[in-house]
Structure formats: structure tokens, C-alpha cells
Amino acid sequence: MCIRDERSIVNCGPNAANFLRSEAKQPQPDGSLRLLGADYIVFADAWNAAHPDGLPPQLMGQAFHFFETPNRFNLPAFFTLHVWAWKENPNGAFVNWHPEVSCQSFVPPTTL
């Protein structure tokens with residue numbers, strides 16, 4: 001799976017922290033990108049300050065996963081939930097990896 005970061009804030013109401021959304025897209029042989037899913041991200045400090053009960057954020061009844069810092073994304077500690085909304089995953093809609101998705105057609109951008 002290749003992630004192209006299309007950052008947008010999704011307001012989840014007055015009692016929730018805002019979610020950062022990153023879209024998961026798969027490169028196609030013709031160079032286009034196919035939207036497959038989204039990752040919803042909540043930074044832990046903001047969430048924990050607004051929710052002292054210690055429970056993680058949830059979306060559609062699914063608890064977010066916690067990533068400590070340091071992490072491979074070079075982000076502060078955060079909660080995340082991946083959703084395969086536009087490509088059915090035989091392992092479930094909320095798992096991190098899809099057995100039928102690859103980045104085989106990905107061509108990294110060049111720098112001048």
C-alpha cells in the first residue's frame with residue numbers, strides 16, 4: 001500500500017479531538033492513483049488532554065491503535081485507525097494491510 005498524504009481535518013463534534021485524515025492510494029500502471037482507504041490520526045497529547053478517562057478514540061465502534069514515539073513516521077505519539085473504504089479487504093475493513101494491494105507501479109518523484 002502506498003500512502004499519499006492528503007491532510008484534512010474531520011471535525012468529530014465538540015467533545016472529540018479533531019482527526020487528521022491521510023488517504024491510501026494505489027498507483028496504477030497508467031500513472032493514475034486509485035483511492036483505497038483512509039487512515040484517521042489523532043495526536044495522543046491532544047486526545048489525552050481532552051479525554052482523561054484513558055480510553056482511545058473510536059470511529060464506527062472501532063478503537064484506534066496507539067503508536068508511541070519515536071516511530072517510523074517521525075511523529076509525536078498518536079492514535080490511528082485504517083479503514084479500507086473503497087476496496088474490500090478479505091481480512092476486514094479495519095486491518096492495516098491488504099493482501100491484494102502493492103506498490104508495484106509506484107514511480108517515486110524525481111528531484112532536480
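Of the GluC sites (Glu not before Pro) found in region 15-94, those in coil by DSSP whose Cβ has at most 14 other Cβ atoms within 10 Å are Glu68, Glu88.
Electrostatic tally near Val95: other residues with Cβ closer than 15 Å to its Cβ, Lys and Arg +1, Asp and Glu -1, net -2.
Computed from the coordinates by the stated procedures, all read-outs in this text should not be read as laboratory data. In this text the structure is predicted, and so the values were computed from the model without any measurement. No Cβ is skipped: glycine too gets one built from the backbone with ideal geometry, and neighbour counts run over all protein chains shown.
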